[in-house]
Amino acid sequence: MKRANQTGSFNGNILVAKNNKVIYKGTFGFTDVTKTKRLTSDYRFNIGSITKEFSAVALLQLQEQGKLKLDDHVSQYIPELPKWADEVTIKNLLQYTSGIPDVNWKKIKNDKDLFEGLQLVDSLEFKPGTNYGYNNNNLFLRQFIIERLTGMSFKTYAEKFIFKPCKMTSAVMTVFENENNIAKGFNNNLAADKPDLLITGGTYLTTEDLLKWVDCLHSSKVINANSLFELGKQFNLPETQSALGQAKFKNNKLIEHVHDGRAGSYEALLVSDLNEKFTIILLGNNHNGKLFEISDAIKAILKN
């Protein structure tokens with residue numbers, strides 16, 4: 001890890017757990033582009049697409065409570081969307097098989113713009129369930145459905161029913177103001193990331209809290225084993241992702257869970273091997289695209 005930091009491959013925090021115990025924690029590099037303040041283990045990072053697990057789990061919680069079914073169509077919950085919402089199911093949103101085109105980011109400043117953008121979508125890129133298209137409109141639609149069903153903002157829902165039961169005390173979801181200990185993203189040209197858009201869902205947390213999340217998820221504290229299996233299903237094409245990223249099962253039991261995330265200059269990777277009972281978490285604020293290589297090296301050490 002020292003070498004990865006010295007060669008400029010990694011600026012961030014790492015945690016490795018084995019047999020449910022933290023066996024290694026490290027902090028490498030700086031909190032922001034000025035490179036004046038060193039990171040500590042209390043710093044929080046944007047985890048990018050790993051955030052998508054929270055809305056997925058929320059939908060499965062609601063299914064377990066009998067409030068929705070994954071085969072329900074989007075129009076059932078958001079009737080004011082165009083005709084395509086009669087064809088797209090919640091399962092399509094979880095597996096990125098909806099055919100909904102991507103967000104037009106040039107026009108987006110907040111959640112209201114996102115919703116209006118969805119209302120302007122006039123046709124799908126393919127018939128739902130027949131192909132795969134990984135984009136964030138699937139994610140935002142999930143969040144809007146959760147808000148409609150529960151009558152609370154998705155941020156409040158996540159705080160109450162995901163972060164709190166899992167004791168993720170550091171986790172904060174955008175939109176937030178003046179939070180301390182937030183690592184700020186910067187690139188290798190020493191340019192700082194632009195401030196976050198005022199959009200719900202971006203999550204910042206510590207390595208410890210991401211470990212708490214994984215433990216909570218894998219031990220059926222937030223959803224049951226059947227729901228977890230449902231979330232791990234992916235569309236049958238190479239290079240596709242499930243709602244959990246890459247999940248492997250044996251006899252419907254989760255044996256491997258790998259999910260990476262990227263947001264601006266932030267990079268995040270979670271690698272959990274349930275047979276070998278280890279979890280590797282890497283969170284960085286200076287994207288170099290080396291996290292998989294670093295985690296492979298750590299895996300090799302763990303496996304002798």
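Restricting to the range 264-276, give me the number of residues that are open to solvent by less than 30 Å² (accessible area, probe 1.4 Å) and either within 25 Å of residue 135 (Cβ to Cβ) or more than 19 Å from the chain's Cα centre (by Cα) (or both).
First, pick out the residues of the range 264-276 that are open to solvent by less than 30 Å² (accessible area, probe 1.4 Å): 265-273.
Checking which are either within 25 Å of residue 135 (Cβ to Cβ) or more than 19 Å from the chain's Cα centre (by Cα) (or both) leaves us with 265-271.
Result for the range 264-276: 7.
Residues that are under 23 Å from residue 53 (Cα atoms) and outside any helix (DSSP H, G or I) within the range 111-122 are absent altogether. Flag set for residue 41, criterion: over 29 Å from residue 242 (Cβ atoms) and either free of Cβ contacts under 8 Å to residues at least 24 places away in the same chain or touching a strand residue (DSSP E or B) at 6+ places or on another chain (Cβ under 8 Å) (or both).
The numbered conditions (1) under 14 Å from residue 53 (Cβ atoms); (2) in contact with a helix residue (DSSP H, G or I) (Cβ under 7 Å, 6 or more places away or on another chain); (3) in contact (Cβ under 8 Å) with a residue 40 or more places away in the chain are all true for residue 254 except (3).
Hey, can you tell me all the residues within the range 61-71 that are assigned to a loop (DSSP other than H, G, I, E, B) and either within 18 Å of residue 224 (Cα to Cα) or over 23 Å from the mean Cα position of the chain (by Cα) (or both)? Working first, answer last.
To start, the set of residues in the range 61-71 that are assigned to a loop (DSSP other than H, G, I, E, B) comprises 65-71.
Across the range 61-71, the qualifying residues are 65, 66, 67, 68, 69, 70.
What residue, of 99, 151, 129, 185, is within 22 Å of residue 69 (Cα to Cα), of a type in the set (Gly, Ala, Ser) and touching a Phe, Trp or Tyr at 6+ places or on another chain (Cβ under 8 Å)? Spell out the reasoning first.
Numbers: 151 fails: touching a Phe, Trp or Tyr at 6+ places or on another chain (Cβ under 8 Å); 129 fails: touching a Phe, Trp or Tyr at 6+ places or on another chain (Cβ under 8 Å); 185 fails: within 22 Å of residue 69 (Cα to Cα).
Of the residues listed, the single one that is within 22 Å of residue 69 (Cα to Cα), of a type in the set (Gly, Ala, Ser) and touching a Phe, Trp or Tyr at 6+ places or on another chain (Cβ under 8 Å) is 99.
Tallying residues that are touching a residue at least 12 places away in the same chain (Cβ under 8 Å) and part of a loop (DSSP other than H, G, I, E, B) within the range 269-304 yields 11.
The sole residue among 59, 15 that is more than 20 Å from residue 292 (Cβ to Cβ), open to solvent by less than 10 Å² (accessible area, probe 1.4 Å) and out of contact with any Pro (no Cβ under 6 Å at 6 or more places or on another chain) is 59.
Of the residues making up the range 123-171, just one is in contact with a helix residue (DSSP H, G or I) (Cβ under 7 Å, 6 or more places away or on another chain), in a loop (DSSP other than H, G, I, E, B) and charged (D, E, K, R), namely 167. Here the range 192-205 is the region considered, the condition is being open to solvent by 20 Å² or more (accessible area, probe 1.4 Å) and in a strand (DSSP E or B), and the residue that is farthest from residue 52 (Cα to Cα) is 192. I'm trying to understand the selection: among the residues of the range 89-110, which are open to solvent by 40 Å² or more (accessible area, probe 1.4 Å) and either in a loop (DSSP other than H, G, I, E, B) or touching a residue at least 12 places away in the same chain (Cβ under 8 Å) (or both)? If the condition is that a residue be open to solvent by 40 Å² or more (accessible area, probe 1.4 Å) and either in a loop (DSSP other than H, G, I, E, B) or touching a residue at least 12 places away in the same chain (Cβ under 8 Å) (or both), then 91, 102, 104, 109, 110 are the ones that fit.
In the set 9, 49, which member is assigned to a helix (DSSP H, G or I), open to solvent by less than 70 Å² (accessible area, probe 1.4 Å) and touching an Asp or Glu at 6+ places or on another chain (Cβ under 9 Å)? Of the residues listed, the single one that is assigned to a helix (DSSP H, G or I), open to solvent by less than 70 Å² (accessible area, probe 1.4 Å) and touching an Asp or Glu at 6+ places or on another chain (Cβ under 9 Å) is 49.
Residues of the range 221-260 that are among the charged types (D, E, K, R), more than 16 Å from the chain's Cα centre (by Cα) and assigned to a strand (DSSP E or B): 248, 250, 253, 256. Hey, any hits in the range 206-218 for a residue that's touching a residue at least 60 places away in the same chain (Cβ under 8 Å), surrounded by fewer than 14 Cβ atoms within 10 Å (Cβ to Cβ) and not hydroxyl-bearing (Ser, Thr, Tyr)? Within the range 206-218, not a single residue is touching a residue at least 60 places away in the same chain (Cβ under 8 Å), surrounded by fewer than 14 Cβ atoms within 10 Å (Cβ to Cβ) and not hydroxyl-bearing (Ser, Thr, Tyr).
The values are calculated or read from the model by the stated rules, or taken from the named source; none is laboratory data. Predicted model only: the values in this text are computed from it and were never measured. Note that each Cβ is placed from the backbone with ideal geometry, even for glycine, and that neighbours are counted across all protein chains shown. Surface accessibility is based on the protein's heavy atoms, side chains included, excluding ligands, DNA and RNA. Shrake-Rupley method; radii C 1.70, N 1.55, O 1.52, S 1.80 Å.
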